[in-house]
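Have a look at the structure below before the remarks.
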Amino acid sequence: MNEFITRFAPSPTGLLHLGHAYSALVAYQAALEAGGRFILRIEDIDLTRCKPEFEKAIYDDLEWLGLDWEQPVRRQSDHFADYARLLDQLIEKNLVYRCFKTRKEVADEIARAPHLSPDGPEGPAYIGAPLPADEEKKLIDEGAPYAWRLSMNAARTNLGAQFEKLSFIEDHFGIREQVKATPEIFGDAVIARKDNGTSYHLASVHDDALQGVSHVIRGEDLYYAAHLHRLLQELLNLPAPLYRHHKLITDGQGKRLAKRDKAATLQALRQSGVKPGDIRQRLGV
Ligand code: GLU
């Protein structure tokens, strides 16, 4: 049997809360039970929102919770060149195109022709097209910023019949479900952002493959991301891990916890005298 390797991959854009603790503990516990490995990865490609003090708090909070992890910790901001190389592969295969549009322009275009927009996980998704070569050259020469979008049409053509057959495995403690991947709901997803030349999708798929992750264990808010990740893996000849999307932790009103819910941060709980054992008990892990 292959080695069991899983990871917790937080973004240091705020303090960790109970939802993160649940995710980290579920992954950690799964690795322990399988006699496998647990990796901590810092997903800090968003250079404006990620802060060193939040990264430090991640280490402190997880240590306090009783977790340990392998060193060195991979910090995505140290590896932009890796993601650029992966993007180059998509460029060479003509699977991506430059998009110079602003968010507002994209939203306006979707609003003008909603019937052309797939129903994406976060609302209507965008389908565009590359600009004519001369227009594109002019904008590049002017230094206009652009993102790279994955052309869903090009991906479909590239994979042929295989596109419809894409699937991934949801593995819930031995119960395995084969899920048909429907990446087309993302439309032409941004694969490299204007500001940092990569995206969560590209960096995450890259690192899971590099780090040999066999089980991606994370919250069900990222369930649909797996559909797109599965497509990227296929286009880039990367291995497909198994997935386990777990329930999300909610507050007393049944609302999902967010980084702005100060009272539920591990730091606040720790300072108020709560013990790691209380947290495990409350979360049932
Ligand atoms: N960095 C992502 C987050 O903080 C998690 C990504 C993942 O687990 O795939 O939500």
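Using Cα centres only, tell me the gap between region 153-202 and region 1-77 in whole Å. Region 153-202 and region 1-77 have Cα centres separated by 24 Å. Among the chymotrypsin sites (Phe, Trp or Tyr not before Pro) in region 160-257, those located in a DSSP loop and surrounded by at most 13 other Cβ atoms within 10 Å of their own Cβ are 173. Count Lys and Arg as plus one, Asp and Glu as minus one, and take only other residues whose Cβ is under 15 Å from that of residue 172; the net charge is then -1.
In percent, what relative contact order does region 73-162 have, based on Cα pairs under 8 Å that are 6 or more apart in sequence? Reported as a whole number, the value is 38 percent. Over region 101-241, Cα pairs under 8 Å with separation of 6+ residues give a relative contact order of 25 percent. For region 52-138, a simple Cβ point-charge model (Lys and Arg +1, Asp and Glu -1, everything else neutral) yields a dipole of about 600 debye relative to the Cα centre.
Loop only by DSSP, 11 or fewer other Cβ within 10 Å of the Cβ. Give me the trypsin sites (Lys or Arg not before Pro) in region 216-279 that pass, ordered by residue number. Spell out each step's value before the answer.
On the way: sites: 218, 230, 244, 247, 255, 256, 259, 260, 262, 270; in loops: 247, 255, 259, 260.
Of the trypsin sites (Lys or Arg not before Pro), the ones in loops of region 216-279 whose Cβ has at most 11 other Cβ atoms within 10 Å are 247, 255, 260.
May I ask for the longest run of the chain untouched by GluC sites (Glu not before Pro) that are loop-located per DSSP and have at most 16 neighbouring C-beta atoms (other than their own) within 10 Å?
143-285
Restricting attention to the chain, close to 55% of DSSP beta bridges with both partner residues there are antiparallel.
DSSP beta bridges fully contained in region 154-285 are about 55 percent antiparallel. Relative contact order of region 1-128, taken over Cα pairs closer than 8 Å and 6 or more residues apart, is 22 percent.
Quick check: with the 1.4 Å probe, what order do 238, 87, 210 take by accessible area, largest first?
The residues order as 210, 238, 87, largest area first.
Volume of the convex hull of the chain (Cα atoms only), normalised per residue: 153 Å³.
The values are calculated or read from the model by the stated rules, or taken from the named source; none is laboratory data. Predicted model, so just to flag it, every value in this text is computed and none were measured. No Cβ is skipped: glycine too gets one built from the backbone with ideal geometry, and neighbour counts run over all protein chains shown. The protein model used for the area step is the full one, side chains on, heavy atoms only, and it has no ligands, DNA or RNA in it. Shrake-Rupley method; radii C 1.70, N 1.55, O 1.52, S 1.80 Å.
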